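The next block holds one structure in the form of structure tokens; read it before the comments.
The values are calculated or read from the model by the stated rules, or taken from the named source; none is laboratory data. Since the structure is predicted, the reported quantities are computational estimates derived from the model, not experimental observations. Virtual Cβ from ideal backbone geometry, glycine too; neighbours counted across all protein chains shown. The accessibility values were calculated without ligands, DNA or RNA, using every heavy atom of the protein model including side chains. Shrake-Rupley method; radii C 1.70, N 1.55, O 1.52, S 1.80 Å.
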Amino acid sequence: MALSPRRQLLYWTFGLAVLLLAIWRLADVLLPFVVGLALAYLLDPLADRLERWGCSRVWATAIISFLGLSSVIVVIVAIVPFMFGQLSQIIALLPEMATTAQDWLNRLLARFAPNWLAGEFQVTTALQDFGGIVGQVATTLGERAVSLGLGAVNLLLFIIIVPVVMVYMLADWDRAVAVIDSWLPRDHVSTLRQLGHEIDRALAGFVRGQLTVCVLVGVFYAALLELVGLNFGFTIGILAGLLSFIPLFGAIAGGALAAGVAAFQFWSDPIWIAAVVAIFLCGQVLEGNILTPRLVGRSVGLHPVWLLFALSAFGSLFGFIGMLLAVPMAAVVGVIARHLLKRYLTSSLYRGQNSRDNDE
């Protein structure tokens, strides 16, 4: 017996609620599986291309896994220790940078607003604990990142599970897609397949394009900051590039950190402070007007405001695992919303009784 549309909607809503509840309850356990699944999804086009070149799926998976493992080892050995060393030095310098900024503000106010400085407001009082606050925030963020990112999953277990899940899913990706396709309700299979293709196009276009943008922007910032001689320029540039996955956040966070280090380092030579600020302004122009339109495109349907809301909402509800799922869920919701809007615009509810009579 065919189900009515209302009953079908009830079943789909119940299934979605169960899925969200499972994600919420199993967030810590799901993390390595979600990361492995995401890596398999990102690498599936490369495996398909190797298959078209004559490789079997097993050999394509083996080649990709070997190259990926080699790249990870190179990054861990050559780059990660260097970046962590620079990050620890930046954190150690933050209290001294705060003290320097405090002295500069006091002198500035003493020169241009002596009466205000003499009143109840005192810069010293306002900033006296800034260094300690920065240290506490850094420690809290670090502990929070570990608790949200790993939870009950041991770090070693995480490192083992992720590549195992990635290899198995990459090898069986096409079969898994075929199985899921066989589960689709036959009355709506063509519509659901079309929605799936649109979701894949939106998600793949955004994620793969944005990752490329992050790499190019990070290299741009790191190279130019090193060129002007900024301390920790390489690490700040790479971090700014990685954070560029969130629109504007990378430029704002990286620019503020770079400007603070530049002010501390080039105190007597402000032209280099201006050069650091100019690098981030040029980076934003490059990212917003050249890289993002060409590599990400405008057809993916993920508006920056919608993406920021999704990251905030899913991060608040499900923690770190929610932030990982925010982009694919935003793509799914966006595609479904556009599909429903098209259905609404062609319905009699929108067009009214007169349009229906004219059609008849």
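Remarks
- The listed peptides 274-283, 63-72, 255-264, ordered by packing as a protection proxy, come out as 255-264, 274-283, 63-72 (highest mean of other Cβ atoms within 10 Å first).
- Report note on the peptides 173-180, 218-225: ranked by the mean count of other C-beta atoms within 10 Å, highest first, their order is 218-225, 173-180.
- Once both labels are positioned 7 Å from their Cα atoms along Cα-to-Cβ, the gap between Leu349 and Leu227 label points is 5.6 nm.
- Sorting Phe320, Phe309 by solvent-accessible area of protein heavy atoms yields Phe309, Phe320, largest first, with a 1.4 Å probe.
- Cβ-Cβ distance of Leu248 and Ala274, R₀ of 22 Å, FRET efficiency by 1/(1 + (r/R0)^6): the value works out to about 0.55.
- Cα-based shape type of segment 1-72, given that a ≥ b ≥ c are square roots of the gyration tensor eigenvalues and the cut on a/c is 1.5: oblate
- The heavy atoms of Thr292 offer some 40 square angstrom of accessible surface to a 1.4 angstrom probe.
- Couplings for segment 262-274, taken from phi via the Karplus curve 6.51 cos²θ - 1.76 cosθ + 1.60 with θ = phi - 60°, read 5, 5, 6, 7, 9, 4, 8, 9, x, 4, 6, 5, 4 Hz in order; Gly and Pro are left as x.
- Spin-label pair Leu16-Asn289: with each label point 7 Å from Cα along the Cα-Cβ axis, the two points sit 4.0 nm from one another.
- Under 18 Å from the Trp59 label point (7 Å along Cα→beta-carbon), backbone N, segment 161-188: 171-172
- Centroid-to-centroid separation of segment 329-350 and segment 33-55 [C-alpha atoms, Å]: 30
- Part-to-part distance (alpha-carbon centres) for segment 155-210 and segment 251-268, which is given in Å: 42
- Hull shadow area, averaged, segment 44-83 [alpha-carbon convex hull, nm²]: 3.0
- Put Ser268, Ser88 in order of accessible area, highest first, and with a 1.4 Å probe you get Ser268, Ser88.
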